[in-house]
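The values are calculated or read from the model by the stated rules, or taken from the named source; none is laboratory data. Source: prediction; values computed, not measured. Please note: Cβ atoms are built from the backbone with ideal geometry, for glycine as well, and neighbour counts cover all protein chains shown.
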Amino acid sequence: MSTLTQDAPLRAPAGATQWATVAMVVASGVVAAVQVGKAAIAVPMLQADLGLNLGAIGWLTGIFAILGVVGGIPAGAVVSSAGDKRVLAAGLLGIAAGAALGAATSSYAVLLGSRVLEGAGFLFVTVAAPAILGRPDVVAARHRDQAFALWSCFMPAGMAAAMLLGPLASSWQALWWAGAGLALLAALGVMMCVPAARARRAVAWRDLPRDAAGVWRAGSPAILAGAFGLYSLMFFALFSFLPVLLMERMAVAHGAAGALSALASAVNILGNLAAGYLLSRGVPRPLLLAGASLAMGATGLLVFLAVLPATPTFLLCMLFSAVGGLIPATLLSSAPLAAPAAALTPMVIGLIMQGNNLGQIVGPVAVGRAIDAYGWRAAALIVGLAALLAVAAAAGLRRRLGDARR
């Protein structure tokens with residue numbers, strides 16, 4: 001049985017949207033995403049200072065996703081029990097501590113361990129933040145779609161910020177210290193701006209395996225998770241190494257590579273926001289998923305195969321990002337349709353995010369190793385295959401949901 005625990009009183013009347021709180025929550029997500037992007041822009045510095053190859057650097061990013069794969073649903077239970085505000089602040093403090101530890105070491109093993117701490121913080125942030133935005137005392141029902149549309153932009157915005165500002169750092173350690181400072185400031189902002197929930201629900205942990213099995217047997221949630229995993233694989237296969245690709249294949253300077261990578265990442269936000277509009281206009285979800293996946297696959301092939309000059313290739317990177325942005329919002333908004341019961345919708349979202357994290361593991365590590373062993377063209381095969389599998393997932397989703405226009 002679950003129990004309710006009283007917490008601090010609410011600080012706003014029901015029905016009023018606290019936009020300052022929404023902004024703080026989204027900003028916290030952006031700060032967390034910066035910790036992912038900083039590893040991508042720091043690749044040349046990490047290679048020069050620590051002698052790392054792309055496969056080893058891929059683990060510095062992929063370790064975040066490993067924690068997400070194994071801890072998504074348990075993290076949701078922690079949020080329900082401890083309170084979303086507390087978990088969000090704790091996640092940011094964990095990021096700050098991990099980044100500071102990493103900045104103070106010259107050992108790859110210690111650096112990787114510090115990324116585990118950062119990754120745990122990232123997981124708690126990405127689970128707790130949507131829970132806060134789902135509270136009626138924070139976001140009124142009439143504003144919920146707008147709030148979640150803004151939240152869906154946190155990852156590309158954070159990646160873009162890291163890639164744009166990263167080249168200004170004198171060393172990768174300076175970049176890590178900056179990340180720690182931002183996370184600490186965000187934690188303080190959360191403590192001041194985010195109201196505590198009126199009640200927390202203590203989770204009966206013994207029920208988690210049964211509920212998780214029920215979600216998995218429903219079929220559609222697993223398809224959504226698989227589709228998100230394939231999207232993440234394709235996206236991070238390119239963007240984890242885009243600065244290096246621009247420098248090595250297109251002769252772009254380090255600073256310019258960061259700015260261009262930031263621009264290409266930022267246009268993903270356009271797709272995030274466009275998905276809500278298109279769905280509201282009745283565009284079928286499977287059609288959006290299949291079309292966006294095919295576009296990502298085609299543009300990814302052309303980028304990695306380097307069949308076009310530098311400028312058209314970079315424009316393809318932007319198209320890859322913008323069209324791909326249609327996918328996350330479409331998948332997350334499908335969770336209530338796929339849930340076998342309304343009460344299991346949060347667990348469906350947790351499963352979808354676990355698929356997302358699995359793709360983040362496979363993308364950087366597999367592509368990094370493929371590039372090290374066979375060159376940049378090897379990445380094209382991985383992206384193309386993932387796109388075809390994503391189209392198959394969209395077709396399966398259409399059959400499972402029945403009414404593709406829902």
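Here are the numbers:
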quantity	calculated
Within the stretch 293-376, helices (runs of 4 or more DSSP H) holding 2 or more residues that are hydrophobic (A, V, I, L, M, F, W, C) and surrounded by fewer than 18 Cβ atoms within 10 Å (Cβ to Cβ)	310-324
Qualifying residue in the stretch 254-263 (condition: in contact with a Cys (Cβ under 9 Å, 6 or more places away or on another chain), buried (at least 24 other Cβ atoms within 10 Å of the Cβ) and among the hydroxyl-bearing types (Ser, Thr, Tyr))	yes
Meets criteria (outside the structural domain of Pro209 (by the TED database), closer than 28 Å to Ala259 by Cα and of a type in the set (D, E, K, R)) for Asp49	yes
Matching option when the condition is buried (at least 23 other Cβ atoms within 10 Å of the Cβ) and at pLDDT below 85, among Val125, Val139	Val139
Any pair with Cβ under 7 angstrom, 6 or more apart, that starts in the stretch 208-226 at a residue that is of a type in the set (S, T, N, Q) and ends at one that is surrounded by 15 or more Cβ atoms within 10 Å (Cβ to Cβ)	Ser220/Ala338; Ser220/Leu397; Ser220/Arg400; Ser220/Leu401
Qualifying residue in the stretch 369-377 (condition: within 23 Å of the chain's Cα centre (by Cα) and among the charged types (D, E, K, R))	yes
When residues of the stretch 49-63 are limited to those that are more than 19 Å from Ala32 (Cα to Cα) and not acidic (Asp, Glu), the one modelled with the highest pLDDT	Leu50
